[in-house]
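Scroll down for the structure; my scribbles are underneath it.
The values are calculated or read from the model by the stated rules, or taken from the named source; none is laboratory data. Quantities reported herein were computed from a predicted structural model and do not represent experimental measurements. Cβ coordinates were reconstructed from backbone atoms using ideal geometry, including for glycine residues, and neighbour counts include every protein chain displayed.
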Amino acid sequence: MSIKEIVKSLSFFSSLNDEDVEKICTISTLHKYTTGYVLHYENQDKDSIEFLVSGLAKAYKIDKHKNEIFLYHLSNDSLLSDINNISSDTLTSFSNLEMAEDSVVLKIDYTEFKQQFLNSRILCSELMNEIIKRSEYMQNIFNREFIFDAVTKVAKMIDDDLDMFNKIKRHDISLILNIQPATLSRVLSRLKRNNIISIEHGKIGIIDKEELKAIYEEVL
């Protein structure tokens, strides 16, 4: 795909006319990264705004004991950059961001993006929606780490992104949810026994979505 086709395929730019799409293309570059590549580190300043065209990215922090603290995954058609100060000409990363799969990233010169679009009130609502979405990610992290028990953690993750749950190894899911692998296995068995989920060849299916939602909604 050409850069123009890629820009048109991203939902963030869906409101742009052809002329504005061309402007985006002139300040954009396309990059391919392999699994494990760290796109940016916590508190790193970036001069480009970045979008995940294809692949999977993992946001995480490192605590004082050098332990990795998982935050969230970002998949296709996602804004990768942290928008924390729109008045600045650089974007400061809130966390480390690592490619969890071979990925393609669209990078756009942020200074030019601001001058040609944001300062003209173009794509401002889209940017605000992304800021709100990132705030929701942080709320989910708070619930996961401080409010939910093991059952509600698993139920919420399955309901939020079943494809991702089935894609990731069970050991990695345990690390993400900060529970023991044996606990994860017991929770899945319990949900299956209660006819809320199915498990076929290691893949999870949802049988009773309302009951699954009820598990975590009652504690919110």
> Out of (1) in contact (Cβ under 8 Å) with a residue 60 or more places away in the chain; (2) closer than 19 Å to residue 165 by Cα; (3) among the aliphatic types (A, V, I, L, M), what's the single condition that is false for residue 6?
Replying inline: (2)
>> When you scan the stretch 117-135, do you find a residue that is under 17 Å from residue 81 (Cβ atoms) and touching a Lys or Arg at 6+ places or on another chain (Cβ under 9 Å), even just one?
In response: yes
> Does residue 150 fit the bill of being crowded, with 19+ Cβ neighbours inside 10 Å, of a type outside the set (Lys, Arg) and farther than 24 Å from residue 35 by Cβ?
Replying inline: no
> Which members of the stretch 51-77 meet the condition of being of a type in the set (Gly, Ala, Ser) and surrounded by 21 or more Cβ atoms within 10 Å (Cβ to Cβ)?
Replying inline: 57, 59
> Restricting attention to the stretch 201-220, which residues are exposed (fewer than 12 other Cβ atoms within 10 Å of the Cβ) and closer than 25 Å to residue 101 by Cα?
Replying inline: 201, 202, 203
> Does residue 4 qualify as being exposed (fewer than 15 other Cβ atoms within 10 Å of the Cβ), in a helix (DSSP H, G or I) and either at pLDDT 95 or above or not assigned by TED's automatic domain parsing to the domain that holds residue 93 (or both)?
Replying inline: yes
>> Can you pull out every residue in the stretch 12-50 that is surrounded by 13 or more Cβ atoms within 10 Å (Cβ to Cβ), within 19 Å of residue 125 (Cβ to Cβ) and touching a residue at least 24 places away in the same chain (Cβ under 8 Å)?
In response: 12, 13, 16, 20, 23, 24, 49
> Looking at (1) surrounded by fewer than 17 Cβ atoms within 10 Å (Cβ to Cβ); (2) hydroxyl-bearing (Ser, Thr, Tyr); (3) farther than 30 Å from residue 9 by Cα, can you tell me which one residue 87 breaks?
Replying inline: (3)
> Can you name the residue in the stretch 35-93 that is among the basic types (Lys, Arg) and assigned to a strand (DSSP E or B) and, of all such residues, is farthest from residue 24 (Cα to Cα)?
Replying inline: 61
